[in-house]
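Visitor: Supplied in structure tokens, the structure appears directly below.
The values are calculated or read from the model by the stated rules, or taken from the named source; none is laboratory data. Source: prediction; values computed, not measured. Cβ placement follows ideal geometry from the backbone for every residue including glycine, while neighbour counts extend to all protein chains displayed. Only protein heavy atoms, including side chains, enter the accessible area calculation; ligands, DNA and RNA are left aside. Shrake-Rupley method; radii C 1.70, N 1.55, O 1.52, S 1.80 Å.
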There are 2 protein chains.
Amino acid sequence: MRPSRPAVHPVEAPPPAPPTPAQAEGQEQADGEGVTHPRGVRMKDTPGAPGTPAGLGLRLAQTFFAAAALAVMAATNDFPSVSAFSYLVAAAILQCLWSLSLAIVDIYALLVKRSLRNARAVCIFTIGDGITGTLTLGAACASAGITVLIGNDLNICAENHCASFETATAMAFISWFALAPSCILNFWSMASR
Amino acid sequence: MRPSRPAVHPVEAPPPAPPTPAQAEGQEQADGEGVTHPRGVRMKDTPGAPGTPAGLGLRLAQTFFAAAALAVMAATNDFPSVSAFSYLVAAAILQCLWSLSLAIVDIYALLVKRSLRNARAVCIFTIGDGITGTLTLGAACASAGITVLIGNDLNICAENHCASFETATAMAFISWFALAPSCILNFWSMASR
């Protein structure tokens, strides 16, 4: 993301003259890797898309809940004895790093008041969201399966940290629920250009 | 899907006069609930979309593997003792019914040589694919977590039907892998109109 060839594109017109709607339309048609688009086809920045405050909020929520799942699960001393719990820790680390990176990108885009509309950036965001989302959902479901087995099917919660396992699983699910809108919006934005 | 107001739209022009490319373009602009689209924006029928032979193949693969997961898991007599395995059976039933229904719709569309391009139909397909896909992936991951716990972490395969559990889990994963392209193509088709 060098200043000489930025991945972000200006939303607002230069300050000297406020743009008329026709100028803003023309500016919008011209961006996006030099490909022109007909009127009304490009999606406007919806709340939750990258580079918007709602998008940043979603990323921060993903980061927070993934970090919470990681912290709660790692605090139990016997999580490495179950493969699914180790997998949850790995998936939470990946989710945390990915969401934190995109939160930083969003903060940058908001600080310089630009919109993340670059086709390649949106494509990378979508693929990354899809992969981390699938891994996080898988880890959360695997942990939920084990937790329900321990707590409800076998009733051996007395010997295990059931509360911690359940909390970590719930945090992972919430992180996935925060990731799903980001992924869907990015994919929609990628497909509708 | 009444004949008086069909959910499918003709792909081929009427037989008397073969259409010129301009006519075909005009015909394509006019369909889709009366909304006109500019040139080059509508996606052509890609292989794997609903109403294509590849799409039918994907649906049949989903149905077959979901039915296989269901059959293998239900054949073990102790699956109700583990919640995750019961959940896998329920998810496989849902997946099987959903994919079979859409396979029948695809067969109908292929028999009458029409393309499924109705906006509402694609929207319903996408949402249904998303829900069944998430449930199937969750069930497969939960079962995988239990199977790995039994087989690798606790080493109690001698007392359990590990082979059956592993086979059913693998079938559920394959069914999900066949569902993912359908869901992505439907969502792309919905977003790009």
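Visitor: Being under 28 Å from B:GLY130 (Cβ atoms), open to solvent by less than 50 Å² (accessible area, probe 1.4 Å) and not hydrophobic (A, V, I, L, M, F, W, C) is the filter here; which residues of segment A:137-180 pass it?
Guide: Hits for segment A:137-180 are A:GLY138, A:SER143, A:GLY145, A:THR147, A:THR169, A:SER175.
Visitor: Follow-up question, since we're still on this one. Report yes if B:ALA91 is open to solvent by less than 50 Å² (accessible area, probe 1.4 Å) and within 13 Å of chain A (Cβ to nearest Cβ), otherwise no.
Guide: Spelling it out, B:ALA91 is indeed open to solvent by less than 50 Å² (accessible area, probe 1.4 Å) and within 13 Å of chain A (Cβ to nearest Cβ).
Visitor: Scan A:GLY130, A:GLY145 and give me the residue that is free of Cβ contacts under 8 Å to residues at least 60 places away in the same chain and assigned to a helix (DSSP H, G or I).
Guide: A:GLY130
Visitor: Tally the residues that are surrounded by 24 or more Cβ atoms within 10 Å (Cβ to Cβ) and within 13 Å of chain B (Cβ to nearest Cβ), restricting the search to segment A:65-81.
Guide: 0
Visitor: Give me a count of the residues in segment A:99-146 that are within 14 Å of another protein chain (Cβ to nearest Cβ) and either of a type in the set (Phe, Trp, Tyr) or on the phi > 0 side of the Ramachandran plot (or both).
Guide: 0
Visitor: Kindly provide the set of residues from segment B:67-105 that are among the hydroxyl-bearing types (Ser, Thr, Tyr) and within 27 Å of B:ALA121 (Cβ to Cβ), ordered by number.
Guide: B:SER99, B:SER101
Condition check ((1) open to solvent by 40 Å² or more (accessible area, probe 1.4 Å); (2) outside any helix (DSSP H, G or I); (3) within 14 Å of A:MET171 (Cα to Cα)) across all residues:
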site: A:GLY55; (1), (2), (3): no, no, no
site: A:THR63; (1), (2), (3): no, no, yes
site: A:TYR87; (1), (2), (3): yes, no, no
site: A:GLN95; (1), (2), (3): no, no, yes
site: A:VAL105; (1), (2), (3): no, no, no
site: A:ARG120; (1), (2), (3): yes, no, no
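Visitor: Still on this structure, please answer the following. Looking only at segment B:107-118, which residues are exposed (fewer than 14 other Cβ atoms within 10 Å of the Cβ) and either in a helix (DSSP H, G or I) or not charged (D, E, K, R) (or both)?
Guide: If the condition is that a residue be exposed (fewer than 14 other Cβ atoms within 10 Å of the Cβ) and either in a helix (DSSP H, G or I) or not charged (D, E, K, R) (or both), then B:LEU111, B:VAL112 are the ones that fit.
Visitor: Among the residues of segment B:151-193, what is the count of those that are within 18 Å of A:VAL82 (Cβ to Cβ) and modelled with pLDDT under 90?
Guide: 9
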